[in-house]
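Below you'll find the structure, written out as structure tokens, and then a few comments.
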There are 4 protein chains.
Amino acid sequence: MLIVMAADASREDVAQVTERIVALGLTAHPIPGAQRVAIGITGNQGAVDPALFENLPGVLEVIPVSHPYKLVSREAKPEASVVHVSGVPVGGGNFAVIAGPCAVETYEQTRTIAGHARQCGAQILRGGAFKPRTSPYAFQGLGKNGLEILRDVGREVGMPVVSEALDERSLELVVEYCDMIQIGARNMQNYALLRLCGQARKPVLLKRGMAATVDELLMAAEYVLAGGNYDVVLCERGIRTFADHTRNTLDLAAVVAVQRLSHLPILVDPSHGTGKRHKVVPLARAAAAVGADGVMVEVHSDPARALSDGAQAILPEELSQLLQQVAALLPLTGRHLAPQVRAKG
Amino acid sequence: MLIVMAADASREDVAQVTERIVALGLTAHPIPGAQRVAIGITGNQGAVDPALFENLPGVLEVIPVSHPYKLVSREAKPEASVVHVSGVPVGGGNFAVIAGPCAVETYEQTRTIAGHARQCGAQILRGGAFKPRTSPYAFQGLGKNGLEILRDVGREVGMPVVSEALDERSLELVVEYCDMIQIGARNMQNYALLRLCGQARKPVLLKRGMAATVDELLMAAEYVLAGGNYDVVLCERGIRTFADHTRNTLDLAAVVAVQRLSHLPILVDPSHGTGKRHKVVPLARAAAAVGADGVMVEVHSDPARALSDGAQAILPEELSQLLQQVAALLPLTGRHLAPQVRAKG
Amino acid sequence: MLIVMAADASREDVAQVTERIVALGLTAHPIPGAQRVAIGITGNQGAVDPALFENLPGVLEVIPVSHPYKLVSREAKPEASVVHVSGVPVGGGNFAVIAGPCAVETYEQTRTIAGHARQCGAQILRGGAFKPRTSPYAFQGLGKNGLEILRDVGREVGMPVVSEALDERSLELVVEYCDMIQIGARNMQNYALLRLCGQARKPVLLKRGMAATVDELLMAAEYVLAGGNYDVVLCERGIRTFADHTRNTLDLAAVVAVQRLSHLPILVDPSHGTGKRHKVVPLARAAAAVGADGVMVEVHSDPARALSDGAQAILPEELSQLLQQVAALLPLTGRHLAPQVRAKG
Amino acid sequence: MLIVMAADASREDVAQVTERIVALGLTAHPIPGAQRVAIGITGNQGAVDPALFENLPGVLEVIPVSHPYKLVSREAKPEASVVHVSGVPVGGGNFAVIAGPCAVETYEQTRTIAGHARQCGAQILRGGAFKPRTSPYAFQGLGKNGLEILRDVGREVGMPVVSEALDERSLELVVEYCDMIQIGARNMQNYALLRLCGQARKPVLLKRGMAATVDELLMAAEYVLAGGNYDVVLCERGIRTFADHTRNTLDLAAVVAVQRLSHLPILVDPSHGTGKRHKVVPLARAAAAVGADGVMVEVHSDPARALSDGAQAILPEELSQLLQQVAALLPLTGRHLAPQVRAKG
């Protein structure tokens, strides 16, 4: 933390700031400049609240210096983490493709898409059973029934499954039926849910909130790790901006930023990140090229009839193309497609 | 819904779109233009999913026309709603001032601030017992203990109380101890929580999410009304933008937009909306001038020592000034300070 | 400037940074912390380029401390500046209302609107003769002819006039015919034009760019002052965000921020700031309440037939209402309507 | 254009809207719905101003349907344009790498960087002679002298050169000395400058403004084409958002959007798009993978001593890596590195 004093701050102002620092058990380092004095603070564990100084007389600005996360940081653990999702490694060179329908609708629909996805090379099956919908009147998902379908199909084709949890009840079910828990963008700062994920014994796929900075994404992950669950995979899925040609603006530089700051794997979701089918494959290529640890995409065999978000689902043949193109460029960043698991039965 | 066909769309493309519209039980209205054809759709209840048409051959663009909310809309209920918070009317000309500490820390702290707020003219007492904190290592609130303090102080000074609920457990406690449930910006799209609010028998203060449009705020409120709880007060608290001189950018035009589209009252929170103490009173004046139905502000008698968010809390003397200035300009918009209630005991 | 070293930076890394600081003729102030070292820099005139240090080995972050503007800052000149526009004082308690058509269309149109604006209490007449239009096929303004009309009408009714300059040629004409030069949001960082304004002998109305921070607005003003022209009035006119209920998001907290950092007056433009007629008067009230030094509004006697931007122009009767309401609340911030000047002839 | 009437609009309101449409010489297509009437408009050349209808009684919303650009659109010219820069083709499968120093500083510096860039495979040399700097006190470029160095070096090594023009004077010099005119992000809506570019006989590199939508970028290009200059190359260089881990947020989906809407080539600038050296190569790969027609990067042999923007310049060895990696993935999108030209003399 650095405290910058105003040019006209008095000697007493500086003394008062210094006293408060000392009173907090910290050390003050005054730096006299030509125009003003700045005061560095050391000795703190974690972040100091800027509010403790911001309104003292003579204080111009309070500048935080340390980042507030610990367990997720590369300083804490320099090597990249590999998260194992029931046999599929994610991160550390393993590029994961999570594919499946936006929402589980029927066994047949899910089985058809999953069969194709497995054949193309995708390793993990996604499918929503609890859908966070903007409108209370929209289709909300099949619930437990949907999770059963997803689990059964995953076993049949040989894909661990991931589905979104919205609250305590759905989390319990997702933990029971799935191999990985998805926390959606709207819940990235639902701290009650994050704490529950910290106690869960399943890996967590944590999506970046639409208005979240990279630091806030890492802090949200810190909640899960602080609860004792170290198996977290992050996911960039677009942020909200003024740009109107896509539903969100996919921020691929965030992948590079996260990989510098944290050891956790990070995926990219070009389906929600663009909201337009024709942009999904190009942006998936870009995600692989930038060095992401995987992608998550929505697939539908008949997107025009999908019950939710059909406009962003790609067709099965587009998924094949995606896998081929992505596989071709992974060696550039020292990555390879993660291995698939076998069907059970 | 309007479907715009590409300039080079074939007659078959147009026919296919028309057929799908008819197959959905709706009516198609082709509008032949010089360069292209557009097709209007009528007969729908609620919104039609653009995805059903967006990827059909020859379709250039799908433009939604109707707004998807119903119960919250002014078309459904033209006159402004008045929400009663244990005797304090909010909306319909009644300007409410909700004031109190960011977090309940001790009985003495809460009692001191509440006594002053009541004396200045504030009608409702706020105080956080469950705090959504970015860091898992930060002070998280006193929980049930804090709610007890808040309730007791509210009764003593004569102010209904409002506190934030984060999940099912905290919601049950807030409903038990408080007169109004606050749903914070981070939970605006926590639909599980909104549904529970729909079943609660207490008014709800719903804050706009940092990345939420006005339509999404209204849809979130629709969840609560659709659940049977019509007592919802909205709150503009700033959106996330590139501007770095405030923590968020307070969007006062949203007040006017909401009042045109909906009958629900809307408050403004200049504390979170700016994040800077010296900006709170000026923006509270602006909120009153633009026609808001109230403001919510954080107050602390010793902000530099507050356990959370002290930098944005105003001092007691600033609250007095705020009330005086706001009261002076309310007549301009046909409003007046809402009446206070009596102390119990 | 503060340089934060990585936790694992070596003694040599720190030494290299220190050497570079010394080589630049500056002073290094190492601050040893428990986890890392930070190094303060003093002795610099103006900002030091972070790039000089950002990529040195062991450097984690470079944090600028001083603001880069000088002449516009309150530290340089503590008292508020009053800018005189041919007899109308702006700032220092004088609240200016600049009103008029978006574009000068005919003498009659301009005369009608100006006559009404003068009668309501507006002091300065605006009217575009050179219009920056998104489309090359849209009406571009009457040019010199429009400026002649504007000047003549201004003299007749007793209002100094302001019009936008887009380039060197139009600037010469605006300087010749008008009392104040307007630089639009799209040209806020057109440094060639700002330099020319620095040499002009007329006051400048500088609008904030749609993506400009407050610091960048002040730096743009610094260009004009550095050129020798100290008569600059700033104008907040909305920034670009995801919010879609207005054309731009009016950032009223920027008024407070500017007034703390700079001595220059700052106006608010609720016409461009909202883009919707029904929001102009409420936001003008809010601007006055927040403490702005004036407002600039577009007025049209028949907005539905206006050649440009008619949707945001208010009607003459709305201007009367605006002036009355604003005048009523100015005393709250120690302001009053600026005096008008007399008609010439 | 579609006009949506309010649910309670009267028959007279509808009639008045229809009359105005007819009075403008256009055709009205009323679409009666269950809840409301909508009215389609056809017969217009180019866009109709929404303002003509927005404030009529009973009008709820006015929705523009056609895009306002013509010459730049794919509807006007379905095949991709190839822009020839003194022998280097850009677009239509030709991937161009524009590389060079942020600012031309000395002959030696420019020659060293250019020699290396040519050897790596870059085809076009960039270098600023007129720099748009946020601060009036920062290094502003060598001007004409810099252009001479750039031209000479370009001839020696065999690279056409591009440099930024800021105003009429610098544009004349850039046209004289360079093979391509760069218009920077801050000037994307400097329509006076765009018009001059329309008359210039050199290709134009037009960068997207920090707050510009894709439509506005295309409209800015339309200014140049409408002036008679069809040789325009667009450039995505990041937009302004709340995200703080990069200087701007690179919007790679805009590449796909532009390529669908327009026939013009589009490049990506990962140097300005991220502002961080370590993110340039990953984002350049992503740009190639998404299907861009080239990249523009800043290179410096000693970035820590660069006079401007050194933090985002890559080292010569990083440029080699960039070219190799990009070349390896171009076949995925049916592209290849554009051919180089020969040194003259």
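The values are calculated or read from the model by the stated rules, or taken from the named source; none is laboratory data. In this text, all values refer to a predicted model and were calculated from it rather than measured experimentally. No Cβ is skipped: glycine too gets one built from the backbone with ideal geometry, and neighbour counts run over all protein chains shown. When the accessible area is computed, the model is the full protein with side chains, heavy atoms only, and any ligands, DNA or RNA have been set aside. Shrake-Rupley method; radii C 1.70, N 1.55, O 1.52, S 1.80 Å.
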Legend entry - Rh by Kirkwood over Cα pairs, then Stokes-Einstein D for the range A:2-63 at 0.692 mPa s and 37 °C, µm²/s: 287
Inset, instruction - Take peptides D:331-338, B:107-114, D:163-170 and line them up by average Cβ neighbours within 10 Å, highest first, as a rough protection proxy. - result: D:163-170, B:107-114, D:331-338
Inset, instruction - On the full set of protein chains, 1.4 Å probe, figure out the accessible area of C:LYS202 and give it in Å² to the nearest 10. - result: 50
Legend entry - Average partner coverage of C:209-216, which counts Cβ from other chains inside 10 Å: 6
Legend entry - Mean separation of Cα contacts under 8 Å, 6 or more apart, over the residue count of chain C: relative contact order %: 18
Inset, instruction - Please label the shape of the range B:127-204 as rounded, prolate or oblate, based on the square roots a ≥ b ≥ c of the eigenvalues of the alpha-carbon gyration tensor (a/c under 1.5 means rounded; beyond that, a/b larger than b/c means prolate, else oblate). - result: oblate
Legend entry - Distribution of pairwise C-alpha distances over the protein assembly as shown, 10 Å bins, in %: 2, 8, 16, 22, 23, 18, 8, 2, 0, 0
Inset, instruction - Please work out whether the range B:167-278 counts as rounded, prolate or oblate from its C-alpha gyration tensor, where a ≥ b ≥ c are the square roots of the eigenvalues and a/c under 1.5 means rounded, while otherwise a/b larger than b/c means prolate and anything else oblate? - result: prolate
Inset, instruction - With all protein chains present, calculate the accessible area of C:LEU24 using a 1.4 Å probe and round the result to the nearest 10 Å². - result: 80
Inset, instruction - Please give, to one decimal in nm, the separation of the simple spin-label points placed at D:GLU61 and B:ALA80, each 7 Å out from Cα toward the Cβ. - result: 2.5
Legend entry - Rounded tilt (10° steps) of C:316-329 against the dominant C-alpha axis of chain C: 50
Legend entry - Cβ-placed point charges (K, R +1; D, E -1), dipole of the range C:2-63 about Cα centre in debye, nearest 20: 160
Legend entry - Angle between chain C longest axis and helix C:11-23 axis [Cα atoms, degrees, rounded to 10]: 50
Inset, instruction - Between beta-carbons, use under 10 Å as the cut-off and find the net charge around A:ARG169, counting Lys and Arg +1, Asp and Glu -1. - result: -3
Legend entry - Highest-fluctuation residue, B:HIS116, B:HIS29, B:HIS84 considered, GNM on chain B with Cα pairs under 10 Å: B:HIS29
Legend entry - Cut-off 14 Å between beta-carbons: net charge of the residues surrounding C:VAL4, Lys and Arg +1, Asp and Glu -1: -4
Inset, instruction - Treating only the Cβ atoms of Lys and Arg (+1) and Asp and Glu (-1) as charged, compute the dipole magnitude of chain B about its Cα centre; round to the nearest 20 debye. - result: 800
Legend entry - Degrees separating the helix D:144-157 axis from the principal Cα axis of chain D, which is the longest one: 70
Inset, instruction - Give me the percent of the accessible area of chain A that comes from carbon and sulfur atoms, probe 1.4 Å, all protein chains in place. - result: 50
Legend entry - Ellipsoid equivalent to the range B:31-165 - semi-axes via the Cα gyration tensor, in Å: 50, 21, 11
Inset, instruction - Provide a whole-number value for the mean count of partner chain Cβ atoms within 10 Å of the Cβ atoms in peptide B:252-265. - result: 5
Inset, instruction - Compare C:VAL85, C:VAL104, C:VAL48 in a GNM of chain C, Cα atoms joined below 10 Å, and give the one with the largest fluctuation. - result: C:VAL48
Inset, instruction - Treat every Asp and Glu Cβ in the protein assembly as shown as -1 and every Lys and Arg Cβ as +1, leave all other atoms uncharged, and give the resulting dipole magnitude about the Cα centre to the nearest 20 debye. - result: 0
Inset, instruction - Please report the buried accessible area for the interface of B with A, total over both chains, probe 1.4 Å, in Å² to the nearest 100. - result: 3900
Inset, instruction - Kindly report the accessible area of chain B per residue (heavy atoms of protein chains, probe 1.4 Å, no ligands, DNA or RNA), in Å². - result: 33
Legend entry - Relative contact order computed over the range D:2-63 (Cα-Cα under 8 Å; 6+ residues apart), in percent: 49
Legend entry - Selection from B:VAL59, B:VAL4, B:THR42 lying farthest towards where the dipole of the range B:2-63 points positive, charges on Cβ: B:THR42
Legend entry - Buried on assembly, the range C:134-168 (at least 50 Å² less accessible surface than by itself, 1.4 Å probe): C:THR134, C:PRO136, C:TYR137
Legend entry - Other protein chain Cβ atoms within 10 Å, averaged over every residue that makes up B:321-331: 2
Legend entry - chain D - Rg over Rh from alpha carbon coordinates, Kirkwood radius: 1.08
Legend entry - Lys/Arg +1, Asp/Glu -1 at C-beta; the range B:83-337 dipole; positive extreme among B:TYR137, B:PRO89, B:ALA192: B:TYR137
Inset, instruction - Choose one answer from D:ILE21, D:ILE266, D:ILE183: the residue with the largest mean-square fluctuation in a GNM of chain D with alpha-carbon springs under 10 Å. - result: D:ILE21
Inset, instruction - Name the shape class, rounded, prolate or oblate, that the alpha-carbon gyration tensor gives for the range B:233-345, where a ≥ b ≥ c are the square roots of its eigenvalues, rounded holds for a/c under 1.5, and otherwise prolate holds if a/b is larger than b/c and oblate otherwise. - result: oblate
